[in-house]
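Report on the structure given below.
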Amino acid sequence: MKNILIILISLIVFSGCKKDEPAAKADLYPAQPVATASSSAIAVFHQPIAYYQMYVYRYEPSTGLWTSRIAGHFSTISAADPSFIGFGNPNVLDSGAPMFDMVRLYSAYTGTTNIKTVGINVDQVLQFFPDYEGAKTGIIKVKTQDVILRTSTAGKTITIGISGNGTYDETAKVIDLKVTFNEAAIGGTTRTFQYKLSPTALTL
């Protein structure tokens, strides 16, 4: 009887301690991230000022190096859905942004690397999905869509499909992204590149 009493007391004490323990990582990080996109992370990676641009770098497989900063990578917030970051240039009439270095990647088809000529303006590109409610980390999705690039020949354009995903960390202030380009419209297949985006300069 004494032994049974000791066991019961031990179980009660153990249960009480268990309640005070911090949640296990498996409990904090469910199998699937939050299904609804969050706009809170946008404040870390975008600032509502004219000509704001993150530091954006592309990994070049042929050299094994990260490119220098892709300048002119102006970000915007979608007026239709503020959970999206887009890329373009609303500050200069009929201009654009190099978005993911597409201006250089497809210069052989457009005949130029001039962002004003190519005119890339995409309202909805990146969406943030936190690992759990209130998390500072999560996944990021690239909206699957076609991007129109103007060429140096007046009135002519090319179309490149984009899709992709990655992760973000609000504390480290870094987005790691993979973007796949569908080149079927120009006679190709697909290519995938890695990118890093941050509001501060990165050493890579």
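The values are calculated or read from the model by the stated rules, or taken from the named source; none is laboratory data. The shown structure was predicted, so the numbers you read here are calculated from the model rather than taken from an experiment. Using ideal geometry, Cβ is built from the backbone for each residue, glycine included, and neighbour counts are taken over all protein chains shown. These accessible areas exclude ligands, DNA and RNA; they are computed on the full protein's heavy atoms, side chains included. Shrake-Rupley method; radii C 1.70, N 1.55, O 1.52, S 1.80 Å.
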Worksheet entry | Amide proton proximity set for Ala41, modelled H, under 5 Å, gap of 5+ | none
Response to the item:
SASA check, Met54, accessible area w/ 1.4 Å probe, all protein chains in place, rounded to nearest 10 Å², comes out at 0 Å²
Discussion item. Within the range 90-204, what whole-number % of the accessible surface is contributed by carbon and sulfur, with the 1.4 Å probe and all protein chains included in the calculation?
Written reply: 48 percent
Worksheet item: So what is the accessible area of the range 150-189 per residue, in Å², with the probe set to 1.4 Å?
Response: 50 Å²
Fill in: Backbone N within the range 76-116 under 17 Å of label point (7 Å from Ile158 Cα along the Cβ vector)
97-116
Fill in: Stretch gain in nm, segment Thr36-Asp81, where the contour uses 0.36 nm per residue and the Cα spacing is subtracted
15.0 nm
Response to the item:
Violations at 24 Å Cα threshold for listed pairs Lys141/Lys173; Lys143/Lys173; Lys143/Lys196; Lys116/Lys141 -> Lys116/Lys141
Discussion item. From the Cα trace of the range 136-188, what convex hull volume per residue do you get, rounded to a whole Å³?
Written reply: 93 Å³
Worksheet item: Taking the convex hull of the alpha carbon atoms in the range 52-204, what volume per residue do you get, in Å³?
Response: 118 Å³
Practice prompt. Could you order Lys178, Lys141 so the one with the most accessible surface comes first? Probe is 1.4 Å.
Written response: Lys178, Lys141
